[in-house]
Amino acid sequence: MCAFLKGEPSVRVSVVGLGYVGLVTSACLAEQGHDVVGIEVSAARIEALLDGRMPFHEPGLAELVEANREVGRLTFTADPAAIGQADVVFVAVGTHDGNGGWQTRTIQSCLNDIVPRLADDAALVVRSTLPPWFLAHLPIIVGRMRQEAGLGEVPVLLNPEFTKEGTAVQDFLEPERVVLGIAHDVDGRGAAKLRRLYRGMSAPILEMSATDAALSKLGANLFLATKISFANELAQLCDQYGGNVDQVVGAMAYDHRIGGAFLRAGIGFGGSCLPHQVTMTVATAAESGLPTPLFAAVAEVNLRQRERMIDRLAELLGGSVAGARIALLGVTFKPDTDDLRDAPSIHIATRLIEEGATVVAFDPMTNALEHFAALVPGVRVASSVDVALDDADAAALVTEWGIFRQLDWVDAASRMRRAIMVDGRNALSVVELVDAGFAYASFGRGIRGQTEVALTAPLPTAVEADLTGEPAAYEMPAVDMTATESSPTERYRSGTSGRDLALTD
Ligand code: UDX
């Protein structure tokens with residue numbers, strides 16, 4: 001038996017929906033010693049899983065699936081009858097409409113299938129991210145379905161996931177918190193089952209209402225997105241005043257109230273979660289008359305970054321990308337995944353082609369590259385990074401895969417027609433690229449290398465006027481020399497330092 005369970009009996013679990021969330025949940029719960037049946041309507045996906053093929057790339061997942069299938073703790077089926085044997089049934093089906101909006105059709109039809117099959121003492125746990133307005137309906141829908149089937153009520157809970165693609169297995173097995181949201185659990189047996197399921201975890205288990213659980217997931221994603229857009233706006237200030245965003249953020253990160261994570265400037269956030277949750281929050285709140293200007297700005301800054309990548313390339317290419325051959329390094333929305341959902345690469349490549357550039361893309365995930373070619377008409381794909389770089393007028397780093405960060409830049413420069421690099425992820429070393437002969441631009445770290453420009457920008461009008469106009473009379477602040485020595489705090493309070501620091505207790 002798995003060390004996680006410390007000799008206690010395992011929980012019988014069914015997970016309905018074997019996408020990113022469901023498959024990671026299934027494999028990780030099995031790894032923790034529970035008996036898991038993964039259920040999926042797509043016959044092709046079940047066939048692939050039974051054949052040992054993963055439907056997507058997630059580091060460590062294939063190994064976990066294989067090991068747990070071997071010991072019999074993890075099985076896959078298309079037959080929903082397996083639900084009847086489970087103590088806990090997770091629902092992990094999609095809620096995106098594929099067009100930036102929400103849809104609840106899938107979860108409603110899934111509930112139709114599974115609710116009448118739940119054992120009387122089972123708990124229903126939704127792990128899909130739900131639209132906030134659906135939360136209040138969920139226990140009512142489930143209650144009605146049970147009643148219509150002549151069955152007793154079951155507990156209904158939410159258990160949002162906080163896993164990141166690329167590190168999902170580790171995030172699941174070593175979570176920072178486990179959130180349990182109670183939608184309907186009169187006698188507390190649903191929460192008790194989930195606590196039993198997660199007893200191997202050392203993370204705090206936070207029990208709250210279903211609404212608070214959903215909003216705590218939403219809040220985390222909105223905050224992470226806000227941090228990234230903040231860093232991108234800050235990077236603009238750095239470029240404007242000749243600063244270096246790495247130094248600035250590095251210094252800010254020493255303040256534990258701020259921290260350094262998710263402050264990397266570049267072409268902004270993509271993926272299935274952050275962009276969708278920001279735009280849907282703004283849209284859904286607006287529908288109920290609630291303005292959310294901060295989140296609207298987060299979305300706007302994020303989209304602007306993708307356009308700024310085009311501007312940077314045009315700037316280094318002498319004003320326009322038209323006619324240039326551009327090597328697009330990376331297409332997935334982040335490294336260690338083959339996911340292209342809302343990947344900035346799609347917008348960037350499409351716009352470059354519209355502007356008359358030839359785009360030659362390479363990504364280590366060949367399936368993602370094929371999918372990318374289908375999504376971006378006119379894009380060319382290369383069989384290797386070298387082929388992408390051959391004769392390119394510029395390279396654009398879009399995904400900071402390790403193989404790109406470790407490139408031999410002298411060799412890369414020699415392959416290209418013009419050694420120009422725009423680093424959309426601030427992932428490369430400025431010094432290394434400039435030493436290799438590149439004209440190099442990133443975000444908040446200036447433009448360096450061949451085209452480095454001297455500081456010839458005109459002085460702002462106000463400074464010019466101050467330098468050329470009559471010097472203003474400088475007055476010493478009046479100091480009462482007869483006053484007795486006061487403590488620094490008192491001086492601030494009384495304002496005798498000559499400045500009003502507006503300090504309060
Ligand atoms: C996110 C949340 O992090 C996770 O908690 C939630 O469960 C699902 O959504 P994910 O979408 O997998 O995870 O990726 P994440 O690591 O959050 O990155 C999102 C995007 O932000 C990527 O495109 C990444 O490149 C970008 N990013 C991240 C930045 O631009 N700058 C940063 O500093 C960090």
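Okay, here's what the table says:
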{"item": "Region 15-76: trypsin sites (Lys or Arg not before Pro) falling in loop per DSSP and having at most 16 other Cβ within 10 Å", "result": "R53"}
{"item": "Within the chain, percent of DSSP bridges classed antiparallel, to nearest 5", "result": "10 percent"}
{"item": "D (Stokes-Einstein, µm²/s), Kirkwood Cα radius, the chain, 1.002 mPa s at 20 °C", "result": "82 µm²/s"}
{"item": "Set of region 233-267 residues, backbone N closer than 17 Å to the point 7 Å along the Cα-Cβ line of K164", "result": "250, 253, 258-267"}
{"item": "Cβ charges +1 (Lys, Arg) and -1 (Asp, Glu), total dipole of the chain, debye", "result": "840 debye"}
{"item": "Average Cα contact separation per residue, the chain, under 8 Å, 6 or more apart, as relative contact order %", "result": "10 percent"}
{"item": "T461-N244 FRET efficiency (beta carbon distance; Förster radius 45 Å; 0.05 resolution)", "result": "0.95"}
{"item": "Residues in region 158-175 that a label on F56 would reach, taking backbone N under 20 Å of a point 7 Å out along Cα→Cβ", "result": "159-175"}
{"item": "Sum of -39500 (n - 2.57) over DSSP H runs of 4+, divided by residues of the chain (222 nm, nearest 500)", "result": "-12000 deg cm²/dmol"}
{"item": "Cβ-placed point charges (K, R +1; D, E -1), dipole of region 78-226 about Cα centre in debye, nearest 20", "result": "80 debye"}
{"item": "Mean Cβ count within 10 Å, highest first, over the residues of peptides 20-33, 199-212, 145-158", "result": "20-33, 145-158, 199-212"}
{"item": "Cα-based shape type of region 356-397, given that a ≥ b ≥ c are square roots of the gyration tensor eigenvalues and the cut on a/c is 1.5", "result": "oblate"}
{"item": "Relative contact order (%) - region 50-159, alpha-carbon pairs under 8 angstrom, separation at least six", "result": "25 percent"}
{"item": "Inter-probe distance in nm under a simple model that places probes 7 Å from Cα toward Cβ, at E307 and D187", "result": "6.0 nm"}
{"item": "Nearby aspartates and glutamates by direct alpha-carbon distance to K217 (threshold 12 angstrom, same-chain neighbours under 8 apart not counted)", "result": "E161"}
{"item": "FRET efficiency estimate (nearest 0.05) - Cβ-Cβ, I140 to R351, R0 41 angstrom", "result": "0.35"}
{"item": "Descending Cα extents along the principal axes, region 218-343, whole Å", "result": "47, 34, 31"}
{"item": "Projected label distance in nm at A261 and V71, using a 7 Å step from Cα toward the beta-carbon", "result": "2.9 nm"}
{"item": "Debye, to nearest 20: dipole size of region 54-166, +1 on Lys, Arg Cβ, -1 on Asp, Glu Cβ", "result": "280 debye"}
{"item": "Region 26-127: C-alpha gyration tensor shape, a/c 1.5 cut-off, then a/b vs b/c", "result": "oblate"}
{"item": "Cα gyration tensor of region 13-61 - equivalent ellipsoid semi-axes, whole Å, descending", "result": "16, 13, 9"}
{"item": "Exposure proxy ranking, count of Cβ atoms within 10 Å, fewest first, for R445, R189", "result": "R189, R445"}
{"item": "Cα-based shape type of region 336-417, given that a ≥ b ≥ c are square roots of the gyration tensor eigenvalues and the cut on a/c is 1.5", "result": "oblate"}
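Quick note: the coordinates plus some simple rules give every number you see, no bench work behind them. This is a predicted model, so every value here is computed, not measured. Every residue, glycine among them, receives a Cβ derived from its backbone with ideal geometry; neighbour counts consider all protein chains shown.
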